[in-house]
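Working notes, beginning with the structure itself.
Just so it is clear, none of the values below were taken in a lab; they were calculated from the coordinates. Only a predicted model underlies this, so the values are computations on that prediction, with no experimental measurement involved. Cβ placement follows ideal geometry from the backbone for every residue including glycine, while neighbour counts extend to all protein chains displayed.
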Amino acid sequence: MIAMDKVHSIRQLFYEQGKSVSAIAAETGHDRKTISKYLDMTDFNTPEPKKEDPENMCPKLDAYKPLIDQWLLDDRKAPRKQRHTAKRVFKRLQTETEDWSYVKKKYKLNMPFLVLSYPAKASALLSNAA
């Protein structure tokens, strides 16, 4: 992003003095795509940060968090190549738990996050169990 005074001068050169985009690019030293971008721009405010989507929050995973925590803590003692990946956690949860539903959860324990997801077949079971 360039400073607003530069943007103002670019827009002034184009709209008031009638110079072409390539002439402005040669004069200012900016790329012609940058010049076009600021000429086409109508709103110079930065976009508001996106609020976290409530669908990304998953209370259904809360029952499994202690189990996953234990696996990840045990993994710290294991060699690097033998630690759980997100895919392995997913498979292990599928085999070791009875009720399963669609969940996407970013789960952090001072390690790279895991994205856990599973099929929606048992969503009614978990929603009724809660």
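Please specify each residue of segment 65-76 satisfying the condition of being surrounded by 12 or more Cβ atoms within 10 Å (Cβ to Cβ) and under 14 Å from residue 88 (Cβ atoms).
Once the filter is applied, which keeps residues that are surrounded by 12 or more Cβ atoms within 10 Å (Cβ to Cβ) and under 14 Å from residue 88 (Cβ atoms), segment 65-76 yields 67, 68, 71, 72, 75.
Of all residues in segment 12-50, which are in a loop (DSSP other than H, G, I, E, B) and either hydrophobic (A, V, I, L, M, F, W, C) or within 15 Å of residue 2 (Cβ to Cβ) (or both)?
29, 30, 31, 41, 44, 46, listed by residue number.
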